[in-house]
Amino acid sequence: MAPHFCYHARHRRAAHKVRPLLRPVSLLRKAPTATMRPTLSSFIIVGVTTEGKTFRPSDWADRLCGVLSAFGSDNRMTYSPYVRPGCSLKGEKTVIVDARLHDIEPLAYNFLVHFARDNALRVDYVEPGESV
């Protein structure tokens, strides 16, 4: 006797293969210490895909930084000091992410890491001694 298959939505949902959670992608660099403990890096998301195409929409950097901004008492939007839009010397839109954001809000830091990875954007790392 052949097994009976039920196509009712409730049963399909239960039988649907559960997608595993995304593994956390971090921008870890090895610190030159005796224990070689990893440290987080500041980084710059550049509005160019790994294929060399310009990322669209053209105001993506302002939108992304706007998600992490706040409105002051004067009703003006203020970008976070840890995530701000910028522009490269070639005129490419960028988002500058300070590693200290991870100490304050790790979910926001991971969101930005995943945004860059999911959209295949170029990421330039900032060395610990350099300013962002």
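Worth pointing out:
- Leu107 paired with Thr54, simple spin-label distance in nm, labels 7 Å along Cα-to-beta-carbon: 3.5
- Global geometry of the stretch 75-132, whether rounded, prolate or oblate, following the gyration tensor of its Cα atoms and the 1.5 cut on a/c: rounded
- Whether the stretch 27-126 is rounded, prolate or oblate, judged on the alpha carbon gyration tensor where a/c under 1.5 counts as rounded: oblate
Rule-based calculations on the coordinates, nothing more; no lab input. Treat the numbers as computed from the prediction; the structure is a model and nothing was measured. Positions of Cβ are generated from backbone atoms using ideal geometry, with glycine treated the same way; all protein chains shown enter the neighbour counts.
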